[in-house]
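Accompanying notes for the structure given below.
Every number in this text was worked out from the coordinates using simple rules, so none of it is lab data. Bear in mind that the values here come from a model prediction, so they are computed numbers and not experimental data. Cβ placement follows ideal geometry from the backbone for every residue including glycine, while neighbour counts extend to all protein chains displayed.
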Amino acid sequence: MPRSGSRPVRPIRQAGRVAGSGLTLALALALALSGCSGDDKKKKEEAGPPPPPPSQQSEADANAAPGAQSLRLSQGLRKPVTYDDKITVQVTGIRKVRNQNKGPGEMTGRVLTIFTLRFTNGSPRPLDLNQVRVVARYGPRNTEASPTSYANLNDFYGTVAPGKTRSASYAFDLPSSGYGKVTLGVKFSDTHKVALFTGAIEA
């Protein structure tokens, strides 16, 4: 109980904003850890060790897209974006494929465009890639392309150690008729601006 006359607690501010999200995360973590004590801890010990994590795909398998055709891209799409902390984002390849898959949600017969991206962590700290978001736009109207789950391509996830790289591919319902003007935006952190790549694709 606060003592009489004590000042009210003010919210922590960071960079001019109330650090609500960080505080919420810290509280959630504290609650999760506290839930492991007492009876819950005893139950976990009786249940034995947790099962091993599922094996991860190799980078080549994660970016595989059977039947896809490699395309050439203009300088604007090839030019890497490097931040002050030496983190680099780059488009390393573009492919197109006609989706032959059938089933619920499949865009059977549609031409899909696949972008392969690479992060290089030149900073001294691990790079968190769990919040990566990729948006593709095309054509004179800057139409947003719909993302697809073609070939179960892997999104970015986990962390990248200093000096290491990580690649992943993203497939979009982006028709070849829109290849004359393409913009790709990559957002991965609240402290880094969106990496923008704008140019043309040569079919």
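Taking a sphere under 15 Å around the Cβ of Gln131 and counting the other residues whose Cβ falls inside, with K and R at +1 and D and E at -1, yields a net charge of +1. Our compactness index for segment 61-202, the C-alpha radius of gyration over the empirical 2.2 N^0.38 Å, is 1.04. For Thr92, the residues whose amide H sits under 5 Å from its own are Thr116, Leu117, Arg118, ignoring neighbours fewer than 5 places away on the same chain, with H placed 1.01 Å from N.
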